[in-house]
Amino acid sequence: MELPQVLEPYLKEDVHSWTGEQLAELGYDNFEAFQAFSEILDTLGAESGDAQNLKGPLTSVQILRQERSLGEQRRCYVLRERSKVLGLLTVGRKHLYYWHRGGGTKQLDPLCVLDFYVSDRAQRSGHGFTLFEAMLVAEGREARSLAYDRPSPKMLPFLRKHYGLIDYNEQPNNFVVFDDYFEDGPPKRRTEVKSPSKSDVIQADAGRVVDIF
């Protein structure tokens, strides 16, 4: 999608993370920019839902502002390249019941990939990998330490190609938790990343969103 001029000061090039709270702050700072960004997020979210044959979007401004996952706000990572917004990736923590192959269940609270979409015209160009890697670095995670909500037929080959994730036990809740999640003890973090404070997100003097990467 084309980036409106009003968003230039707020949505810098590369990958940036947004929460419902940050979107609200943008609305207070510049309502016109908030409306423009809302249209972009809602459109990409709707396109993602359509591509996955869902009844509705998994990502929208309303969802980001209202939904919390185990007390945490969801984070939506947005990829911009030049004057285009190319894709989004939404994560949030979920409480899951995991069914073992041999029987029995275990309760998990993993960080989950809830939505992952790159515009059709921008696919097969490495943009999905750029977006996913930026999310992993910001969240301090490895791909194997995440759960995946109803991964699409394109998502599973992507994870196999880039991260060697193959084996998993199908779950009634349609989440995918790879066998590698349980290997070598608890899932590893790439690095400990401090959660950005409010001052890290909005510059008081200019009202601009700061790149947390």
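Structure notes:
- Subset of segment 68-87 (residues that are in a loop (DSSP other than H, G, I, E, B) and either farther than 16 Å from SER17 by Cα or aliphatic (A, V, I, L, M) (or both)): LEU70, GLY71, ARG82, SER83
- Under the condition of being more than 13 Å from the chain's Cα centre (by Cα) and not in a helix (DSSP H, G or I), the residues counted in segment 127-142 number 2.
Table: residues versus (1) more than 23 Å from ASP42 (Cα to Cα); (2) of a type in the set (Asp, Glu); (3) in contact with a His (Cβ under 9 Å, 6 or more places away or on another chain); (4) buried (at least 16 other Cβ atoms within 10 Å of the Cβ).
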{"residue": "TYR77", "(1), (2), (3), (4)": "no, no, yes, yes"}
{"residue": "LEU136", "(1), (2), (3), (4)": "yes, no, no, yes"}
{"residue": "LEU159", "(1), (2), (3), (4)": "yes, no, no, yes"}
{"residue": "ASP167", "(1), (2), (3), (4)": "yes, yes, no, no"}
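- Residue in segment 53-66 that is assigned to a helix (DSSP H, G or I) and touching a Cys at 6+ places or on another chain (Cβ under 8 Å) present: yes
- Just one of the listed residues (ASP115, ASP211) is under 30 Å from ASP29 (Cβ atoms) and modelled with pLDDT under 50, and it is ASP211.
- Note on segment 1-50: residues that are aliphatic (A, V, I, L, M), more than 17 Å from the chain's Cα centre (by Cα) and assigned to a helix (DSSP H, G or I) amount to 6.
- The residues of segment 90-121 that are among the small types (Gly, Ala, Ser), free of Cβ contacts under 8 Å to residues at least 40 places away in the same chain and touching a Lys or Arg at 6+ places or on another chain (Cβ under 9 Å) amount to a single one, GLY92.
Condition check ((1) closer than 22 Å to HIS16 by Cα; (2) in a strand (DSSP E or B)) across all residues:
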position	(1), (2)
THR90	yes, yes
TYR97	no, yes
GLY102	no, no
GLN107	no, yes
VAL113	yes, yes
PHE116	yes, yes
ARG121	yes, no
SER125	yes, no
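- Of all residues in segment 143-185, those satisfying the criterion of being of a type in the set (A, V, I, L, M) and part of a helix (DSSP H, G or I) are ALA143, MET155, LEU156, LEU159.
The values are calculated or read from the model by the stated rules, or taken from the named source; none is laboratory data. Remember, predicted model here, so these are calculated numbers, not experimental data. Counting neighbours? That spans all protein chains shown, and the Cβs are built from the backbone with ideal geometry, glycine included.
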